[in-house]
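**Student:** Got a structure for you, questions after.
The values are calculated or read from the model by the stated rules, or taken from the named source; none is laboratory data. Quantities reported herein were computed from a predicted structural model and do not represent experimental measurements. Neighbour counts run over all protein chains shown; Cβ positions are idealised from the backbone, glycine included. Areas reflect the complete protein model, heavy atoms only, side chains present, ligands, DNA and RNA absent. Shrake-Rupley method; radii C 1.70, N 1.55, O 1.52, S 1.80 Å.
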Amino acid sequence: MRKTGLGDLSNHRYRIVLEESWYHEQPEIRKPDRRWYEQIPCKAGAFISLYAETPTIILQLYTPRVKNARFIFGHIKGFPGVKADFHFDGEAALYFSPELLDQVAEMAEARVKRVLSPEAKIKAAERGRAALERYRKANQQGVNYPQIGSVPVR
């Protein structure tokens, strides 16, 4: 079975963040299990994550917005494999197949990855080169810029 992360399932369209517990795991555990820590952040603290892999891939939308979860569930409940859990206290979880990811992500207002046009990439590279040149020129003239995280000298 191929191990698929959220980026592969969404064609890398959405921003992917790692659950905070990822940073506290041992390195040997992190690498093979990364897909279980990936989340697509949505509006108001909601997120989409991988819920199960066997027998088929199931995704989960967790949200503190119960009204929004009921609205989304109303639109996708006719599809196979869709389930909802509204028994939390002010929270809800929807379970759905990867085919519905784009539809659910749009209704949950998932964060979309910012994609720069080729022209914007060229402009950003030019600004970066200009800033580097200004820094080098100032450095040659003896101007010292403070380093990030350094303590200011009085």
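**Student:** Could you let me know the centre-to-centre spacing of segment 100-145 and segment 19-36, using Cα atoms, in angstrom?
**Tutor:** Distance between centres, Cα-based: 28 Å.
**Student:** Quick one: which of 44-53, 15-24 comes out on top by average Cβ neighbours within 10 Å, and what's the full order, highest first?
**Tutor:** The packing order, highest mean first, is 44-53, 15-24.
**Student:** Indicate the gyration tensor shape class of segment 1-42 (rounded, prolate or oblate), computed on the Cα atoms with a ≥ b ≥ c the square roots of the eigenvalues: a/c under 1.5 is rounded; otherwise a/b larger than b/c is prolate and the rest oblate. Don't jump to the answer; show the numbers that get you there.
**Tutor:** On the way: a/c = 3.32, a/b = 1.34, b/c = 2.49.
It comes out oblate by the Cα gyration axes.
**Student:** What percent does the relative contact order of the chain come to when contacts are Cα pairs within less than 8 Å and at least six residues apart?
**Tutor:** Across the chain, relative contact order equals 19 percent.
**Student:** How far apart, in nanometres, would the label points at residue 34 and residue 137 be if each is projected 7 angstrom from Cα along the Cα-to-Cβ direction?
**Tutor:** Each label point lies 7 Å from its Cα, and together they span 4.1 nm.
**Student:** Here is a follow-up. Tell me the per residue accessible area of the chain using a 1.4 Å probe; a whole number in Å² is fine.
**Tutor:** 72
**Student:** Tell me which label goes with the value of Cα extents along the principal axes in Å computed from the coordinates here: [x] 44, 38, 32; [y] 69, 39, 36; [z] 60, 42, 29.
**Tutor:** [y]
**Student:** Based solely on its DSSP helices, what 222 nm [θ] is calculated for the chain when runs of n ≥ 4 H residues each add -39,500 (n - 2.57) and the sum is averaged over all residues, nearest 500 deg cm²/dmol?
**Tutor:** That comes out to -10000 deg cm²/dmol.
**Student:** Let me ask something additional. Hey, any idea what % of the chain's accessible area is carbon plus sulfur with a 1.4 Å probe?
**Tutor:** Answer for the chain: carbon and sulfur cover 53 percent of the accessible area.
**Student:** Where does the charge balance sit around residue 96 when Lys and Arg score +1, Asp and Glu -1, over other residues with C-beta under 14 Å from its C-beta?
**Tutor:** Value of the local net charge: -2.
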